[in-house]
Structure formats: structure tokens, C-alpha cells
1. Kindly check whether there is at least one residue in the stretch 35-50 that is more than 13 Å from the ligand (Cβ to nearest atom) and more than 22 Å from Leu170 (Cβ to Cβ).
2. May I ask you to verify whether Arg8 is assigned to a helix (DSSP H, G or I), within 11 Å of the ligand (Cβ to nearest atom) and surrounded by fewer than 16 Cβ atoms within 10 Å (Cβ to Cβ)?
3. Being touching a residue at least 24 places away in the same chain (Cβ under 8 Å) and over 20 Å from Leu284 (Cα atoms) is the filter; apply it to the stretch 314-348 and report the residue that is surrounded by the most Cβ atoms within 10 Å (Cβ to Cβ).
4. Just checking, how many residues over the stretch 452-487 are more than 21 Å from Val554 (Cα to Cα) and either part of a helix (DSSP H, G or I) or out of contact with any strand residue (DSSP E or B) (no Cβ under 8 Å at 6 or more places or on another chain) (or both)?
5. Looking at the stretch 26-132, what strands (runs of 3 or more DSSP E) fall wholly within it and have at least 3 residues that are surrounded by 20 or more Cβ atoms within 10 Å (Cβ to Cβ)?
6. Could you list all residues from the stretch 450-476 that are at pLDDT below 85 and among the acidic types (Asp, Glu)?
7. Kindly indicate whether Thr14 is of a type in the set (S, T, N, Q), crowded, with 18+ Cβ neighbours inside 10 Å and touching a residue at least 12 places away in the same chain (Cβ under 8 Å).
Amino acid sequence: MSYLVLARKYRPQTFESVIGQEHVTQTLTNSILSKRVAHAILFTGPRGTGKTTIARILAKAMNCAENKKGPVSTPCNLCRSCREITKGNATDVFEIDGASNNSVDQVRELRENIKYMPAQSSYKIYIIDEVHMLSTAAFNALLKTLEEPPPHVMFMFATTEPHKIPITILSRCQRHDLRRISLTSVSNHMASLCALEKTEIANESLEMIAREGGGSLRDSLSLLDQIISCSEGAITHEEILNILGIIDRKIIFEISGAIIQGEISEILNIIDEIYSKGHDLKKLYYDLTEHFRNLLILKMGGNTIHLVDVPGNEIDLMQIQVKEISETFLHQILNLMFKDEVVIKHSTQPRLSLEMTFIKMFRVKPALSMDLLIEKIDALRKDVDPSNKLLKTPDNNNQNRTAAQTKIQNTLSETRGSYVPIQPDNHTDVSKPDESHTYEKEPENTSMNNFETPDQAWEQIFKIISKKHPSLAAFMEETAVKSLTGNTVELNITGNSFQVDMIKRKKNIDLLTGICSEFFGKSIELKINTIVQDNVNNNDNGKLESEAINHPLVEDTIEIFNGKIIDIKTL
Ligand SMILES: [Zn+2]
């Protein structure tokens, strides 16, 4: 008995059994129920996602003989019309391949044919696949029919490239866009087919097949066909890797891990192994690019996890990988990979090109994030500057401090600046843990009116910023207060775009709002005006270099570590 491929054997025969296109099948079901089915329908979407399958189900639904009064939302699949459509020999349903029937003569013939009533069913239905392949003349001939369609005729077009269809045709069709099917949907569907076929394949392997299928159910199923036909009974993951000649996902994690750890020899060994097994190195490169793209999306956080179409266990592994690296590092790696993509694509020696790219990657050091750097430098400065020690927030271990110590600290603080409050000396009970806050807390009654000019208030606020967040203050040297009114502090931020961007980061705005609110003893709203002063005369590299040299972080680093600049590299 001949083997019937899975895609045909299990082709969905009702809207409910179509995988991953509920948004289309539900709309069609609704339009059938409300008797508002369009006479020309266009199905678009990637290959193997169900365009012609849905068109055939719709054809059945329109012509099913089960209901004498008209179309049904679920075809019976038993009547003559349904059975004929399943077999592909229905008298009133014409499946035309647009790629090979694309001439104007063929469309004219079709127009002649349309005039006659359907032989047995309610509708004469034309399903034109790859409709974008029609010639311009053929489209024009078709247009006449679409403008005044006979009531007994329906057109269903399918295409992967809707942008190639003339707008005059598009505007006369009801369009349904099919989606790439998610990896999980494809692998779940294959798992159910394996159960029906009594074939044992691990989920991990099915996920890998689905990934190779690239969101196309048909492609995934033909890979599954290939595997089933090559083996009997339970099939191991290793066997599947061999049959399909694909690279194990573990390798992608091993290489990316080695890039993150900077272990270049490990990467070169892996490439050697993959190369000697005869795998496609270009494919490896694309998989790796996608992997780093996914890592970046996970690193960015927020509600983006649905954009990473990989199995749950891989997401967990990726979360571990991204913990160790910064967003900047991922950006740099991806930039490099995109830059070298063309080189690798056209290289006659992909192995050599790949090695060169990885060696370049090795030079991208996993940079710490800017926020983390700033925190570290602030911590360093506080440690280095002894005068800051007493202004540190008392930590919880410090509860044994005596009132006397507190008093000394108050006195010391008092001499350091008028904005440091003196705590009322009523904590004489030594047995109680002292919880008074002697650090930079502002007097409750600081009012906006207490200052002759807004600048005076700003001067004091700026001192607090300088002490608490020296790096932020470094960006704000040019910042001035514009006005203090009610609960609003309006600031004019001046600086280059980098400085302005840094100050305007949400984290910094929150810090500033907190400091101002504490200073004035009420909830303050910040209003920010920005004045960007970029030096536009320099060329890009020169500008980058001067920005790098003058960057406050670089200055801080040089100062703290007593270093000097040896070289500046543009990445
Ligand atoms: Zn039927």
C-alpha cells in the first residue's frame, strides 16, 4: 500500500481542525452564518500555513448539500460535493495554479466558462493559487469579472506575495492574512499525529523539527514524514539529527555561552566539529543570529516574551545566559553579526569567515550596563572620600549606636552644611535602638518661599545630588532651575544629547523627584526643559571620540584609578 504523506492524510476538513489560524476560520464561520460571504476572497500568508486548505473548506461549506437552503459553517464531508472536493475532482470547484495558467487567454477562457451555471452545486468556485503570478493582462481580464461577478460565482485567491497583486484587484477582494504558526502549535499538532501513527518521538525532537519547518506546518510535516519513513518504532533525538542533518540546539547554547565567556578556543573547536560533520555553517550563523536576537529581547524585559518563539525550557536557559551580560554587549554582538552577514553569505570559505567573525566577537568584552557602572563608581567614590562616610545611610546593623554617638554625628553634620538638620536630642533612652535619621534629611518646613531666588534653592539641592549621586551630578553641571511654583520645580537641562538622555532616564528623574520632594517636604513634580548642544561640526568618529574622552564616566575612572587613555576604538 502506498504511503500517504501526513500533510494529505491529516489535511483538515473543517474550520475547527485548522491549526493556528482561528482569526481567519472564525471570521469565515461568522460570515457564513450571517450569509455575508464575499464573492472574492484573498488568502495571504507564509507557505504551508493553510491558505488552500482553508479555501477548500470554504468551498465545501458553500456547496455542501447537507443544507438545501444554502452554505453551512461546518461541511458534512459526506455528501457528493464534499467528497469530490476532498478528492480534488469536483465539477464546480476549479483549482488553478496561477504560476502555470497565467496568460490572458487562460483568463479569457475562464471568463467564458463563468457564464454557465454550476452543474450540480450552488456555486461555481475558482481557487487560484499563487495568484500573484498572473500577468498584468490576465489581471486586467480578471478585473472585469470581479467588477460585475455573476451571483453564482466565487473566487478564492491564495498568495504568499500580496504586494505583487494590483491594487485594483486587491480592493475588490476580502482579504484574510494567515499567520506563521507558532512553534508550540506545530509541535503539539505533530505530537497528536505521532500518537495516531503510533510513532514515538520525544517532544524535544518535535520542537526541533517545528523550528526547522520555520512556522510552516506543511514543511514541518514533510520533515516528520522523512523521519518516520527512515525508521521504525521509537526514534531517538540523535537519529533525527542525523536524518535531517541539522545542528543540535545545544550547540547554539554552547557557542553563545563561549562568546559570552570569551572562550575563543572553545568556539573554534565547536566550528571544527560542525564543519567536519558536514553541517551548513551559514545556517549555523543564521541560527546564532536569531539566538542573540532572542537574548536581546529577553534582556530588554517587559512584556516581550511572546516575541521569542522557542520552547519553554530554552527560554529558561536563555534567562540564565542573559543574567551574565548587558544589553550593550548584546547590541554589539548583533551589530557585528549583521555587518558580517553579507560576508559569510557570499563567502567561498564560510568556515574561515565564520572563524574571523567569532574572533572579532571575542574582542567585544561583556560590558557592564551603564547603570551598574554608575552605581559602582558612586560606591567607590563614597569609599574613597572619607568626608562622605558620616553621610551614609545608617544600615540596619547599626542599631546599637548610642544616643551620644548620634549626637556627635549630628554636630558633625551640622558643621557640614546648613541643609543638614539637627535632630532634637530627645533620644536619651539608651536601651532603645536609636532609629533617628541623621543623614541628609531636610527640615520639614523647607518652603519654596524660604529662598530669595530659585537658584539658591537649586544650589542646595545640587549639593545633595552631588553627594548622593556624584555621577548624575556630573551630567547636571549645566542644569539650572527655571522656576519654583506650587509643587512644581522646572529645570532647564543643558548638555549634549548623551548627557540629556542620561539625565532624562526614568531612574534618574525618579531620583531627582525624590530629592526635591524630600528637600521641600512635599510631593514635587519635575518639569524638564532640554537644551541639546551637540557639536555638529566634527565628523562622526571625531565626535564619538571626543564624547568618549570627555565622558564623565571615563573622567571618573581615570581619576579613581589614576589611569590614562591609551587608545580609543570605535566598535
Ligand atoms: Zn457536504
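1. Yes.
2. No, not satisfied.
3. This residue is Phe329.
4. 15
5. Filter on the stretch 26-132 gives 40-44, 124-129.
6. Scanning the stretch 450-476 gives a single hit, Glu452.
7. Answer is no for this residue.
Each row is one residue, and each column tells you yes or no for (1) within 16 Å of the ligand (Cβ to nearest atom); (2) within 44 Å of the chain's Cα centre (by Cα); (3) on the phi > 0 side of the Ramachandran plot.
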position: Ser81; (1), (2), (3): yes, no, no
position: Gly98; (1), (2), (3): no, yes, no
position: Ile127; (1), (2), (3): no, yes, no
position: Ala137; (1), (2), (3): no, yes, no
position: Glu147; (1), (2), (3): no, yes, no
position: Pro150; (1), (2), (3): no, no, no
position: Val153; (1), (2), (3): no, yes, no
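The values are calculated or read from the model by the stated rules, or taken from the named source; none is laboratory data. Bear in mind that the values here come from a model prediction, so they are computed numbers and not experimental data. Neighbour counts run over all protein chains shown; Cβ positions are idealised from the backbone, glycine included.
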